[in-house]
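Remarks on the structure that follows.
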Amino acid sequence: MLTGKYALVTGANRGIGKAVVETFARHGANIIANSRTVRSLDETCARLSSEYKVGAHPVYFDVSDPQQVKQAFQEIVKISRRLDVLVNNAGVLDNNLLGMIKPELVQEVFGVNAFGTIYVMQYAARLMIKMQRGSIINLSSIVGLFGNAGQVTYSGSKAAVIGITRSAAKELASYNIRVNAIAPGFIDTDMIKSLAPEKYAERFDSIKMNRLGTPGDVANCALFLASDLSEYVTGQVIGVDGGMVI
Ligand code: NAD
């Protein structure tokens, strides 16, 4: 479904990002995989390349640092000279009640989840505008749509991702560049392990399908949005939540 396309996926060393690079490579995409930790994706990229016969290149940068993002795109241009798909997946969680939120954490969470999404999108859009096509997929969250007690900072940053997505979709539609968001519910990754047991149980109980989502569930939605199957879909926020909010 993605044969010959080049896809950049941020935060690809675990969880949803890891599932996205695996799924995309299986469907023929050349992968540009991002992580902050140097060498952490060297082995994965070598394996993807030999298993699926695709290009797979690690690019190490912090999405919240505009200078690092700029340098990373100089590297990406050397690797591929083009970009067909961007998945802004890197994200950090914060579970503090309002009275406990520290300014440094607000900076960090918005820095990665919201500002990082904008920084990476800026450079990706330049490459895509040259090609007059592309698909950008931003990871929001169900709490960005509906809020959640104890997650003012996180849900605020994920609500920002929705505004960013819709505005960029309006701005880029005439270049044939689509911008959509995925709003996962409760997905079985390291991120949800930091939740207090009672919060975990409360969220699990709200899942109508009675199971946690898997990283693969989210990756399959990203595959649809990355592929030409969704060529007339833009500016949308697609829930992948097992019916958490119906
Ligand atoms: P995770 O914590 O397992 O993975 C997050 C990834 O982002 C990690 O690889 C981490 O190293 C990377 N990352 C963090 N800060 C970074 C930075 N500054 N630069 C580059 N990479 C950075 O979490 P996950 O569950 O796989 O989450 C993936 C995305 O999905 C996140 O944006 C998250 O907010 C969103 N999401 C997850 C859930 C869930 O239930 N797991 C629900 C809704 C939304």
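The values are calculated or read from the model by the stated rules, or taken from the named source; none is laboratory data. Predicted, not measured: the structure shown is a model, and the values here were computed from it. All Cβ positions, even for glycine, are placed from backbone atoms using ideal geometry, and neighbour counts span all protein chains on display. Accessible surface areas use protein heavy atoms only, side chains included; no ligands, DNA or RNA. Shrake-Rupley method; radii C 1.70, N 1.55, O 1.52, S 1.80 Å.
Name the long-range amide H neighbours of residue 62: under 5 Å, sequence gap of 5 or more, or other chain; modelled H, no Pro or chain starts.
Residues meeting the amide H criterion: none.
What is the spin-label model distance, in nm, from residue 190 to residue 170 if the labels are put 7 Å beyond Cα along the C-beta direction?
Modelled inter-label distance: 3.8 nm.
What are the ³J(HN,Hα) values, in whole Hz, obtained from phi via the Karplus relation 6.51 cos²θ - 1.76 cosθ + 1.60 with θ = phi - 60°, for each residue of segment 229-241 in sequence order, with x given for Gly and Pro?
4, 10, 5, 10, 10, 8, x, 9, 10, 9, x, 10, 9
Keeping every protein chain present and rolling a 1.4 Å probe, give me the accessible area per residue for the chain in Å². It would help to have the intermediate numbers written out before the result.
Details: 11530 Å² over 246 residues.
Accessible area per residue: 47 Å².
For residue 77 and residue 96, calculate 0.36 nm times their separation in residues minus their Cα-Cα distance, and state this gained length in nm to one decimal.
Values: separation 19, 0.36 × 19 = 6.84 nm, distance 3.95 nm.
Full extension from residue 77 to residue 96 adds 2.9 nm.
What is the distance in Å between the Cα centroid of segment 183-207 and that of segment 1-60?
Each part reduced to its Cα centre gives a spacing of 26 Å.
Test of understanding: express the Cα radius of gyration of the chain as a ratio to 2.2 N^0.38 Å, with N the residue count.
0.96
Near the amide H of residue 238, under 5 Å away, which other amide H atoms are found, from residues 5 or more places off or on another chain, if H is placed in the peptide plane?
Under 5 Å from the amide H of residue 238: 181, 182, 183.
Under a 5 Å amide H to amide H cut-off, with H placed in plane at 1.01 Å, what residues pair with residue 134 once short-range neighbours are removed?
Counting only residues 5 or more places away or on other chains, the set is 178.
DSSP beta bridges in the chain, what fraction antiparallel, as a percent rounded to 5?
0 percent
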